[in-house]
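The values are calculated or read from the model by the stated rules, or taken from the named source; none is laboratory data. Remember, predicted model here, so these are calculated numbers, not experimental data. Methodologically, a virtual Cβ is constructed for each residue, glycine included, from the backbone with ideal geometry; neighbour enumeration extends over all protein chains shown. In case anyone asks, the SASA skips ligands and DNA or RNA and just uses the protein heavy atoms, side chains included. Shrake-Rupley method; radii C 1.70, N 1.55, O 1.52, S 1.80 Å.
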Amino acid sequence: MEMLKKFFEPVDMTEGSPWKKIVFFTLPMLLGNIAQQLYNTVDSVVVGNYVGDNALASVGSAGPILNLLIVLFVGISVGAGIMVSQYFGAKEREELSRTIGNCITLTLIATVFVMVAASLVARPLLELLDTPESIIEWCHSYLLILFIGSGGLAFYNILSGILRGLGDSMSALVYLLVSTVLNIILDLLFVAQMDMGVNGVALATVIAQAVSALLCLFRLMRMTDLFDLKPHYLKLARRHTMKIVQLGLPSGITQAILSMAMIVVQSLTNSFGEMFIAANVIIMRVDGFAMMPNFSFGTAMTTYAGQNVGARMHDRVDRGAKQGTLMAMGVSAVLTSLILIFGKALMGIFTKTPELVDLSREMMGILAVGYIAMAVTQSLSGVMRGAGDTMTPMWISIATTILIRVPIAYGIAFFTRSPEFPGGRQECIFISLLCSWILGAIITFVFYKKGKWKEKGVLAPTEGGTEG
């Protein structure tokens, strides 16, 4: 019982062996990311098997638009995580309480805005993308339900980000596992039993996310030993609100630009027809699992760097960055190898169409080595964000996406046109992604070594700066 209790205690990353602390913090998040990915994966499996390949394509085509219209949540989540981890590391209870209260209020405002605005622009965006007529109605109804019920998604992501900033990655994992099981049960009930199709999948996701958000809120309300969650802390304070926005805005802008780039590439993807759209959905679902170690280590490095910068232990940040990045690369290499070895079996889970399985496996092979490169990008970007430098990762992401991925994708498509492939080779979508990942890792490493990120921070500088 004592051991189980220890798992739910906040992790103080300012003491002990850096790599052990990072691993202890990352494992629950990795499991949590697996559960998070199961949301989308189960949706796709159920839709692909019970409704059909076109329904599968419709869920995938809605993805880039969904990502674009939830950028506010991304920004608040990143800003909250950085501030919470630094104030937690500095043991500043009052500032920590105000930050958390302001985050909750900002999330509520952002949720109302997204519910209204996103619902209005979803259909025009789908039409702008030349979404095939055979799937556009499904896409629109799917998005509409997700946006109207976006409160669960918003509050889970922001509140779980606060929990991680406090060093508690285990609670967020448990709550996500509960909601994932609920999502699977509701998927099967709404789609397989009640024949609700794509709408059933969206409704199941909304309900499950709302449950996970409520569980996170209840957990935070019980952490009175670390901070206070009283009504007057919910009132927006200019300094805290501006700092959350300042830190989170670059990540929100990055997400928006990446999503717009995905929408541009999705337009190219749509030109290759329903079969390729469906294959792209399958690849992105498997890609979600391949990318999980990278995202998990990246988030862990943000919390690690934030707590140690808050505690003025900058030498310790460097040691942890090196150890965390090497671990991320190793885990990513192993997982990617497994995906390549068992690729056809994985693709076969989503569809019984042999051509679709073969096409998906072929395209997945192009991306393989890129996941190791992304381990470098995510880990070192996490360190820079945790230290308070959210601008550098933003510019790197924008550059690799806008100046590398999109031009390469359209360039290959243009120069490979032929009577057999009038729209160009389909491989252009994934070759361009691979190029942007590899160059992004190189650029991120260079900027990390330059060390400008060490000059940023939420807290005012004091004497010292190395661990004792």
Report task. List, in order, the whole-Hz ³J(HN,Hα) value for each residue of the stretch 381-391 obtained from phi through the Karplus relation with A = 6.51, B = -1.76, C = 1.60 and θ = phi - 60°; use x for Gly and Pro. Result -> 5, x, 4, 4, 5, x, 6, x, 9, 9, 6
Query raised in the report: Once amide H atoms are built 1.01 Å from N in the peptide plane, which residues 5 or more positions from Asp228, or in another chain, come under 5 Å H to H?
Result: Ser97
Query - Phi to ³J(HN,Hα) by Karplus 6.51 cos²θ - 1.76 cosθ + 1.60 over the stretch 331-336, Hz, x for Gly, Pro - result: 5, 5, 4, 5, 5, 4
Report task. May I ask you to give the percent of accessible area on the chain that is carbon plus sulfur, with a probe radius of 1.4 Å? Result -> 68 percent
Query - Around Phe447: net Lys/Arg minus Asp/Glu count, Cβ-Cβ under 14 Å - result: +4
Query raised in the report: For the chain, what does the equivalent ellipsoid look like in terms of its semi-axes, each the square root of 5 times an eigenvalue of the Cα gyration tensor, given largest first in whole Å?
Result: 36, 25, 21
Requested in this report: Note down the net charge around Gly252, summing +1 for each Lys or Arg and -1 for each Asp or Glu among other residues with Cβ under 15 Å from its Cβ.
Outcome: +2
Query raised in the report: If the limit is 28 Å between Cα atoms, which of Lys235/Lys452; Lys91/Lys230; Lys91/Lys450; Lys21/Lys454 go over it?
Result: Lys235/Lys452; Lys91/Lys450
Query raised in the report: Dipole of the chain (Lys/Arg Cβ +1, Asp/Glu Cβ -1, origin at the Cα centre): which of Gly388, Ser58, Ile402 lies farthest to the positive side?
Result: Gly388
Report task. Could you pull out every one of the lysines with an alpha carbon less than 17 Å from that of Lys456, ignoring same-chain neighbours closer than 8 positions? Result -> Lys243
Query raised in the report: Taking only the alpha-carbon atoms of the stretch 223-380, what semi-axes of the equivalent ellipsoid follow from 5 times the gyration tensor eigenvalues under a square root, in whole Å, largest first?
Result: 38, 22, 14
Query raised in the report: How high is the FRET efficiency between Val181 and Asp130 when r is their beta carbon distance and R₀ equals 45 Å, given to the nearest 0.05?
Result: 0.75
Query - Neighbour count of at most 13 Cβ within 10 Å plus DSSP loop: longest GluC sites (Glu not before Pro)-free window in the chain - result: 16-419
Query - Modelled FRET efficiency - R0 41 Å, Val112 with Ala333, Cβ distances, 0.05 increments - result: 0.40
Query - FRET efficiency, 1/(1 + (r/R0)^6) with R0 45 Å, evaluated for Lys344 and Leu217 via beta carbons - result: 0.60
Report task. Starting at the first residue of the stretch 232-241, write each ³J(HN,Hα) from the Karplus equation 6.51 cos²θ - 1.76 cosθ + 1.60 with θ = phi - 60°, in whole Hz, x for Gly and Pro. Result -> 5, 6, 7, 5, 5, 9, 3, 5, 6, 4
Query raised in the report: If you place +1 on the Cβ of every Lys and Arg, -1 on the Cβ of every Asp and Glu, and leave all else neutral, what size is the dipole of the chain about its Cα centre, to the nearest 20 Debye?
Result: 1380 debye
Query raised in the report: Using mean Cβ contacts within 10 Å as the protection proxy, how do 407-416, 161-170, 308-317 order, highest first?
Result: 161-170, 308-317, 407-416
Requested in this report: Starting from the Cα of Asn49, step 7 Å along the direction of its Cβ; do the same at Asp225; then give the gap between the two resulting points in nm.
Outcome: 4.4 nm
Query raised in the report: If you stretched the chain out fully between Phe421 and Phe445, how much longer would it get, using 0.36 nm times the residue separation minus the C-alpha to C-alpha distance?
Result: 4.8 nm
Report task. Might you tell me the accessible area per residue for the chain, computed with a 1.4 Å probe and given in Å²? Result -> 41 Å²
